[in-house]
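Take a look at the structure set out below.
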Amino acid sequence: MDKLTKILTMTLVLLLLVTIAFPSSLVSAASGVTFTKTTYQTTDLLNLRSSDSVSSKKLTTIPKKTSLTSNYRIGDWYLVTHNGKTGYVLGQYLTKVVSGTAFAKTAYQTTDALSLRQDASTSSVRLLTIPVKTTVTSSFRDGNWYKVTYNNKTGFVSGAYLKKVTASSTAYTTTERLNFRTAPTTSGALLMTIPSNQVVQSLSVSSNWHKISYGGKTGYVMGTYLKKETASPTVPTAGTADYSGSKMYVLIDAGSTVALRASASVLSGQITRLGRGTPVVVTNNLHKTRGFLAVQTADGRRGYVEATYLTLFQPSPANRPLIVLDPGHGAYDPGAVRAGLAERDIVLSVARQVAGLLAGKVDLTLTRYTNDYYPSLGDRSAMANALSTSRFVSIHINASNGTSASGAESYYYKGTTSVQLAQAIQQRLTGYAGMRDRGVHFANYAVIRGTQAPAVLAELGFLSNASDRAKLADPAYQARYAQAIADGILATL
Ligand SMILES: [Zn+2]
């Protein structure tokens, strides 16, 4: 290069650098906006221009579906670099590339006061500050940035200051029936009444109002009616059972069909429809009452079926009475916990045995098949209501603060068949397992109130009573409870 060319080249390079660093000063009179570096994809063939105008020089053409990054724009013109050329493209042909991962909704507590930012970056705009020890939930993260909503603002927080809320952290037992409210005041709207002797997880406390999660809802209760769980500081971890690879069957009325869908959404296209009893192999998921399971049909078609319509128990070709068994609690909600035993685990074991005893005689499904899943009370009823359910039995175990209360009791909400079913089960729980008879009672429990079919909630015994607990933990007695429930159901069909 001769000297002049060298100077000209240097000038051009400098000009280009200045253009990149201070684009608005040279390229346009309109003021630009600097923002967090964002990745876009082009939605069409797109001209890269020397400035923010369609009349400016075309530098090159960028192919469709090219990834571009930008952190500066003037109006709808985005400053980008493609193949070494820097210029402007029209934003209407760019779509934001969403990076990140969706995951099961998880509760976290903030370990420090924490900035909620508009984007997943420390340089992004701060929307507000979340106080320390606040419970937030997230189901999406980008790197270590978690998407959360707080005070009606949605943004990202750094995962470095989030601690997963674990079931064992602050368990309390309700000492009486307790009003569960939307706000930490007696004038807060009532979400529900929590029965006594329920284990709840306190997420935070302020002025004697505990923020808790219960029955799939988050709200507030007064601390006056909570007693710290001291009997067993360690809550047993839920056993998991992955149903991938299992054969499940379509459970729907004879003559009806269920959609096999292209994706896990009721809005997605139908690949085909599956009739009652069609076997499918679960390919990638746990059984969840709500939501979809990925499955493969015998003829090799892969798709998604709503989990409500799948059962582990093969239905008969024609309709038989359908029994929906509901093992109480699940996952982060262990129910009553004493001496290292959790209600959640025992009632699932009993429910599975009830199903084993009834299989072949009736049609069957469970609201949860695993211990790592908590269907909300509404989901449990919704599952029964989506099917032609004949009987619904929710299985629970009691606990009290003292150790003297003992025995079995059964609850109904409405209808003579529910009363008869409660009596038939109660009679056998006391007879087969020698439980003290606490009787059959009306109760306004959501799970039996929300279910249209005749429904009963059975409390097998008290985990807080040594003699009952010995039986509840004993596999031989679990088999007796199961037989009592199975026979009680059959007696009323
Ligand atoms: Zn329970």
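The values are calculated or read from the model by the stated rules, or taken from the named source; none is laboratory data. Worth saying up front: this structure is predicted, and the values here are computed from it rather than measured. Reconstructed Cβ throughout: ideal geometry from the backbone, glycine too, with neighbour counts over all protein chains shown.
Here are some notes:
- Test: Asn398 is within 16 Å of the ligand (Cβ to nearest atom) and modelled with pLDDT of 95 or more: yes
- Leu116 meets the conditions (1) under 30 Å from Asn401 (Cβ atoms); (2) touching a Leu at 6+ places or on another chain (Cβ under 6 Å) in every case but one. The failed one is (1).
- Candidates are the residues of region 337-351 that are of a type outside the set (A, V, I, L, M) and either more than 18 Å from Asn465 (Cβ to Cβ) or within 13 Å of the ligand (Cβ to nearest atom) (or both); the one that is modelled with the lowest pLDDT is Arg338.
- Qualifying residue in region 372-385 (condition: at pLDDT 95 or above, more than 16 Å from the ligand (Cβ to nearest atom), small (Gly, Ala, Ser) and touching a strand residue (DSSP E or B) at 6+ places or on another chain (Cβ under 9 Å)): yes
- Given (1) surrounded by fewer than 21 Cβ atoms within 10 Å (Cβ to Cβ); (2) within 13 Å of the ligand (Cβ to nearest atom), number of the condition Ser404 does not satisfy: (2)
- A single member of Val18, Val89, Val80 is out of contact with any Gly (no Cβ under 9 Å at 6 or more places or on another chain) and modelled with pLDDT of 85 or more, and it is Val89.
- In region 301-336, the residue that is surrounded by the fewest Cβ atoms within 10 Å (Cβ to Cβ) out of those that are within 16 Å of the ligand (Cβ to nearest atom) and part of a loop (DSSP other than H, G, I, E, B) is Ala331.
- Criterion (among the β-branched types (Val, Ile, Thr) and in a loop (DSSP other than H, G, I, E, B)) met by exactly one of Thr129, Thr106, Thr122: Thr122
- Leu490 being modelled with pLDDT of 95 or more, closer than 30 Å to Arg320 by Cβ and assigned by TED's automatic domain parsing to the domain that holds Ser400: yes
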